[in-house]
Amino acid sequence: MTTSNSRSSEFDIDPIFLDRWSPRAFTGEAMDKTVLLTILEAAHWAPSASNYQPWRFIYTLNTAPDWERFVGLLNESNQVWARSASALVFLFSDSLSRRDDGSEPKPLRSHSFDTGAAWAMLSLQSLRSGYLAHAMGGVDFDRAIDALGAPAGFRAEAAVAIGKRSNPADLPDHLRAREVPNRRKNLSEVAFAGAFPRG
């Protein structure tokens, strides 16, 4: 068993997996672009089928002129707190396998799976870099595809707010109670030997 960040695992794991969580209270302080690129560098070393690397990261810093445009692509409930992040990253995946031989592109079944692996690497490197990352599905995905210039065949997967943790008291009342690292189901509820349980 490992205990860290007010969480406990059933089996011994590296504490980084317990220390990683998704807060909403951020300080809003500026992030150096090199730090963000370091985080994205780690993310792009994620494993991928046939090394296709279908992920794309479209990013901005809160000091950039396009910050409010990026924030505006989030659902209103996420805009409330994500505006105080240091960086926003939109994750896209290429749903097509495009060969260099000029052949017709084919569907790539693992595009979302692989991009999820990149998000995991991004979140862990954020922690190693002194930041925390919060991924969001609350995004106007159709607008994001258009506003961020995604080519045909690319799917908008998620947006990620990255920042340094602030006092939960800075959040609106309805979000304060949620500003704690959450738990996980027991491993026995999600890992099964041989097959899914019957019934």
Can you tell me the alpha carbon radius of gyration of segment 65-171 divided by the globular rule-of-thumb value 2.2 N^0.38 Å?
1.20
Placing +1 at every Lys and Arg Cβ and -1 at every Asp and Glu Cβ, with all other atoms neutral, what dipole size does the chain have around its Cα centre, in debye to the nearest 20?
400 debye
For labels at residue 41 and residue 4 in the simple 7 Å Cα→Cβ model, what's the distance in nm?
2.2 nm
For the peptides 139-149, 162-172, 99-109, what is the packing order when you average, over each peptide's residues, the other Cβ atoms within 10 Å and list the highest mean first?
162-172, 139-149, 99-109
May I ask which residue of 87, 46, 75 lies farthest towards the positive end of the charge dipole of segment 1-140, with charges of +1 (Lys, Arg) and -1 (Asp, Glu) on Cβ and the Cα centre as origin?
75
Environment charge of residue 118, counting only residues whose C-beta is closer than 10 Å and scoring Lys/Arg +1, Asp/Glu -1:
-1
The whole-number value in µm²/s of the Stokes-Einstein translational diffusion coefficient for segment 1-105, with Rh from the Kirkwood sum over alpha carbon pairs at 4 °C and 1.567 mPa s, is 77 µm²/s
Which net charge results for the neighbourhood of residue 128, defined as the other residues with beta-carbon distances under 13 angstrom from its beta-carbon, given Lys and Arg at +1 and Asp and Glu at -1?
-2
Is it possible to state the helix-based mean residue ellipticity at 222 nm for the chain, with each DSSP H run of 4+ residues giving -39500 (n - 2.57), the sum divided by total residues, to the nearest 500 deg cm²/dmol? What is it?
-7500 deg cm²/dmol
Simple spin-label model, 7 Å along Cα-to-Cβ: residue 68 to residue 147 in nm?
1.2 nm
Dipole of segment 134-198 [Lys/Arg +1, Asp/Glu -1 at C-beta], most positive-end residue of 148, 158, 192
192
Output for segment 1-55 (equivalent-ellipsoid semi-axes, sqrt of 5λ from the C-alpha gyration tensor, Å, descending) is 26, 22, 9
Binned at 10 Å from 0, what are the whole-percent values of the Cα-Cα distance distribution for the chain, short to long?
8, 30, 34, 20, 6, 1
The chain, relative contact order [Cα under 8 Å, separation at least 6], %
29 percent
Near the amide H of residue 157, under 5 Å away, which other amide H atoms are found, from residues 5 or more places off or on another chain, if H is placed in the peptide plane?
91, 92, 93
Among 113-119, 81-87, how do they line up by average Cβ neighbours within 10 Å per residue, starting with the highest?
81-87, 113-119
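Each value in this text was obtained by applying a stated rule to the coordinates, not by laboratory testing. Just so it is clear, the structure is predicted and the values come from calculations on it, not from any experiment. Neighbour counts run over all protein chains shown; Cβ positions are idealised from the backbone, glycine included.
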